[in-house]
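Right, one structure below, let's go through it.
The values are calculated or read from the model by the stated rules, or taken from the named source; none is laboratory data. Computed from a predicted structure; not experimentally measured. Backbone-built Cβ (ideal geometry, glycine too); neighbour counts: all protein chains shown. These area figures cover heavy atoms from the full protein model, side chains too; ligands, DNA and RNA do not enter into them. Shrake-Rupley method; radii C 1.70, N 1.55, O 1.52, S 1.80 Å.
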Amino acid sequence: MSENKSEWSTQLIPAAPKRADPALDPFKQMMSYYRCAAMEVETKFRVLDVQMSLNRENNPIESIKTRLKSPESIFEKLKRRDLPMTLSAIEENLNDIAGVRVICSFPEDIYLLADALLRQDDITLIERKDYIQNPKPNGYRSLHLIVEVPIFLRNETKRMRVEVQLRTIAMDFWASLEHKLRYKKGLEDSEDYQEISRQLKNCAEISAMLDRLMENIRGQIEGGREL
């Protein structure tokens, strides 16, 4: 899920303008469906957060952010993949138009929440990529899910795809700063780029170690268990 062209928000995605150019109505309508799908998934996680907090001292979710991919980013991706500029091409080939990012306290919470979401009858798993167990070469860690969720409209039900990212606070901290630092203008052409990349990956390892240590401390506090 690209971060440089899409604005993440802890609030619900803003509603579309009431008045729209008639020529853009089909696209705006499709985007409103994706907005609704993100709202559905966000609500599911908020319900899970409340339910799971009843059996523990703290809520497993620290924050939830949502976003819709910008039109410019959508069309650039279609062009890059040599796909037609049609609504059907968007719906059939792009899985990250709507995004929900869930920030958790501990790695264990990520898997508990993901499993609880996927057990729900109306959720269909399309794709799962575990970058926590198998980090990207640059050190990036997160659990990515592509899910399909129904949205209930006035006269029909539509199934829409949403990309879900689940991270710990430490993973999100590293990913946010890594993105800001790595994509500074001209950095890739710098003679220090390889060394900077090595240092950023080292920071990712330190971040992962912090997650493990904090989770072990929680286990000791909650009953002498060490993860």
**Study point:** Area accessible to solvent at SER63, 1.4 Å probe radius, in Å²
**Key:** 40
**Study point:** the chain - percent relative contact order, Cα under 8 Å, separation 6 or more
**Key:** 19
Practice item. Note down the magnitude of the dipole of the range 147-227 about its Cα centre, charges +1 on Lys and Arg C-beta and -1 on Asp and Glu C-beta and zero elsewhere, to the nearest 20 debye. Key: 440
Exercise for review: Apply 1/(1 + (r/R0)^6) to the Cβ-Cβ distance of THR124 and ARG80, taking R0 = 25 Å, and write down the FRET efficiency to the nearest 0.05.
Suggested key: 0.40
Point to revise | the chain - charge dipole about Cα centre, Lys and Arg +1 at Cβ, Asp and Glu -1, debye rounded to 20 | key: 520
Exercise for review: Sequence neighbours fewer than 8 away in the same chain don't count; with that in mind, list the lysines whose C-alpha is under 25 Å from LYS180.
Suggested key: LYS5, LYS65, LYS69, LYS77, LYS129, LYS136, LYS201
Study note, to complete from the structure: With label points set 7 Å from each Cα along the Cα-to-Cβ direction at LEU87 and GLN29, the distance between them in nm comes to 0.5
Check your understanding: Which of the GluC sites (Glu not before Pro) found in the range 136-227 are loop residues per DSSP with 15 or fewer other Cβ atoms within 10 Å of their Cβ?
Key -> GLU156, GLU191, GLU226
Practice item. Check every DSSP H run in the chain and write down those whose alpha carbon atoms cover 27 angstrom or more along the long axis and whose mean Kyte-Doolittle hydropathy is -1.0 or greater. Key: 25-53, 193-223
Check your understanding: Based on the Cβ-Cβ distance from SER70 to ASN134, what FRET efficiency comes out when R0 is 30 Å, to the nearest 0.05?
Key -> 0.55
Review point. What order do LYS136, LYS44 take when sorted by accessible area (1.4 Å probe), most exposed first?
Key: LYS136, LYS44
